[in-house]
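To keep things clear, I will list the structure first and then write my remarks on it.
Where a number appears in this text, it was derived from the coordinates with a stated rule and is not lab data. The shown structure was predicted, so the numbers you read here are calculated from the model rather than taken from an experiment. So basically every Cβ, Gly included, is an ideal-geometry build from the backbone, and we count neighbours across all protein chains shown.
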Amino acid sequence: MNILTYLIPISLVLGGVGLLFFIFTIKTNQYDDPEGDAQRILSGEYDDHPKP
């Protein structure tokens, strides 16, 4: 049972870090254009093949 005294605070800290990182990504507007990404992936302009 002594291991729980270490694991519970570690899991809370890691969860808090994950939450802070998620809030940071929201505030820096990294999720603003999901529709544009969906259209760009279907576009033929960005192709893996070299242009002649």
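Restricting the first member to segment 23-38 and to residues that are part of a loop (DSSP other than H, G, I, E, B), and the second to residues that are among the small types (Gly, Ala, Ser), no beta-carbon pair is closer than 6 Å while six or more apart or on different chains.
For segment 1-38, residues that are surrounded by 10 or more Cβ atoms within 10 Å (Cβ to Cβ) and of a type in the set (S, T, N, Q) total 2.
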